[in-house]
1. Run through segment 427-507 and list the GluC sites (Glu not before Pro) located in a DSSP loop whose Cβ has at most 16 other Cβ atoms within 10 Å.
2. Could you sort out which of Lys274/Lys541; Lys266/Lys390; Lys394/Lys430; Lys255/Lys541 sit more than 19 Å apart by Cα distance in this structure?
3. I'm checking a number: the convex hull volume of the Cα atoms of segment 412-549, normalised per residue, in Å³. What is it?
4. Could you grab the relative contact order for the chain? Cα pairs under 8 Å, six or more apart, rounded to a whole percent.
5. Give me the Å³ per residue figure for the convex hull around the C-alpha atoms of the chain.
6. Going by the alpha-carbon gyration tensor, a ≥ b ≥ c the square roots of its eigenvalues, is segment 256-361 rounded (a/c under 1.5) or, if a/c is not under 1.5, prolate (a/b greater than b/c) versus oblate?
7. Provide the packing ranking of 50-58, 15-23, 31-39, i.e. peptides ordered by the mean count of other C-beta atoms within 10 Å per residue, highest first.
8. Is segment 190-311 best put as rounded, prolate or oblate by its Cα gyration tensor, with a ≥ b ≥ c the root eigenvalues, rounded for a/c under 1.5, and otherwise prolate when a/b is larger than b/c, oblate when not?
Amino acid sequence: MALMLNGMGVSRGISIGNVFILHRNQHEFTEQKIDKKNLGKEVKRYKTAHSNARKQLLKIRKEIPKESPDDVSSFIETHLLMLDDAMMATSPIEIIKENQCNAEWALKLQRDAIVKVFDSMDDPYIATRQDDVKHVFNHIMDALVSNGKSRTVSKTDQWRDRIVIADDLTPADTMVMQHSGVAGFVTEMGGPLSHTAILARSLDLPAVVGLHEARKYLKAGEQLVIDGKSGLVLAEPGETLIEHFHKRQRALRRKTKELGKLNDAKSRAKSGEKIELLANIEVEEDIKHLRRVNAAGVGLYRTEFLYLQGNKVPDEEEHYKTYIKVIRALKGAPLTIRTVDLGADKEIDQIKSGPLAHNPAMGLRGIRLCLNDPSIFVPQLRAILRASAKGPIKILFPMLTTVSELIQAKQLLETTKESMRARGYKFDEKIPLGGMIEVPSAAISASHFAEHLDFLSIGTNDLIQYTLAIDRIDDQVNYLYDPLNPAVLSLIKSVIDAGIKQKIPVTMCGEMAGNPSYTRLLLGLGLREFSMPPNSILEIKNVLRQTRVSNVRRKALSFLHCTDKEKQAILLEKINA
Ligand code: PEP
Ligand code: MG
């Protein structure tokens, strides 16, 4: 019988596939060869993990309430005995040395061998004890993995055409899975503005998030349909429903084809205003999507993904080579490179929020991180400058909070330019400089920032998060996320006005810019440059080509005073009518 669940649809499209349940404690294992000289270190890693697993079991044993049945503590005792047995304490070490491999792989080989022995036993009771063995192996593996190693999934064929059900996925996981042909995903946590959701949208990967206990209700291997727009998740739907969803998939494809006719149409409002439609990209492959829809250029290149893909800080050469590929693929269209905005939900092992960062979104991220450690920042600036000799590039600083941060960043850029000039490098001496306006302090003081910049870019994802004090990746407070909140709209309006006054362009590159429900409202507030995932561009073009800007100006201003949700919905209906 079909089972219907509902989460939050964050990346439209319908996916039909079989379920792959991702349990983080079902670790994936890959073999890595270890140099002879590093074998000692690997053995030490194993011993530390083994001892940490032991400490953890002892801690669990200590915390067992006194009134618990004896079975509970004897269960832990058994696990401790297994842990101390040579099969787990020493055999994996022998394997590390013999096979010259990583500790995880050695542990997997040992686990497989032991499980095989249990499998071959006729006694059903003994055979079931293999679950205990697996749990104890997992304890050690947990300790190994958390010992400074990444928990990112790895690229394998197991994701192909599957719909992955996980507690949560990082942006890096999402990217790896997409490259491995995953059909879609459902997560128990997360919200529509997490970078995982944004990435799913730009990768065209149907996704549903915030479906609590999804892994409890869905079974590995069963057929699943997900609707990334409505958030519907349907297990074992049966033939009739499958046919219905196939029809909807075909209808979506037809709609995309229809919108495709607008590819070469001018990006102008019906009343004649020229509107710039730019694309947000995360990885260089996104350029092909941008070309498909004839975007005017890149309004936001989130360079963090260069770091996330390799799980390390790229050097100047890696940055440079990637930017050159992107600028060549753009064939003269402008490229706005945002300097790295690591932190919060975009972390790599080398750069993690410290133990005191209870709230990483407000911690050392974006420009703060870069100013704090110029060894991360300067190689990227150098690479951007070098690439600027090959095509039109703009620099965009993320997460500016104070004007003095901006001045510091500009000084660092100037020093970098000076040292490059001295070494004879060519670069665009007048490379335009923009600032992300995504923190309320920057939005309120937008005119001061504008005095020092060539353009402003409104990051509504963070601006809404910080204005309304809601963590954008926390599904428990997602209901408060509201782009129509008059406080948010007033800030957006004042940033647009600051740009007009200073005679510099203002772009919006947050998700709000790619939502057709808000296009007329934003046009009415004075916005003329929109940057969004490439697959939203034609839909936005379609709306603006049917809009007379003078007709929506007054209507847009009335949103600034509307605090009532129902009235907002009516206003939205009216402006979009
Ligand atoms: C934003 O905050 O709106 C934005 C575009 O940046 P990001 O989503 O990468 O934080
Ligand atoms: Mg942001």
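1. Working: sites: Glu429, Glu438, Glu451; in loops: Glu429, Glu438.
Sites meeting the loop and neighbour criteria: Glu429.
2. Numbers: Lys274/Lys541 11 Å; Lys266/Lys390 27 Å; Lys394/Lys430 9 Å; Lys255/Lys541 14 Å.
Cα-Cα > 19 Å for Lys266/Lys390; rest within.
3. Numbers: hull volume 20.1 nm³, N = 138.
In segment 412-549, the Cα hull volume divided by residue count equals 146 Å³.
4. Values: 1068 pairs, mean separation 83.3, N = 577.
Normalised by residue count, the contact order of the chain is 14 percent.
5. Numbers: hull volume 107.4 nm³, N = 577.
It comes to 186 Å³ per residue, whole-number rounded.
6. Details: a/c = 2.84, a/b = 1.92, b/c = 1.48.
Prolate.
7. Most protected by this proxy first, the peptides run 15-23, 50-58, 31-39.
8. Values: a/c = 2.59, a/b = 1.43, b/c = 1.81.
Cα axes put segment 190-311 in the oblate bin.
The values are calculated or read from the model by the stated rules, or taken from the named source; none is laboratory data. Quick caveat: nothing in here was measured; it's all calculated off a predicted structure. In this analysis, Cβ positions are derived from the backbone assuming ideal geometry, glycine residues included, and neighbour counts consider all displayed protein chains. The area values use the complete protein model at the heavy-atom level, side chains included, leaving out ligands, DNA and RNA. Shrake-Rupley method; radii C 1.70, N 1.55, O 1.52, S 1.80 Å.
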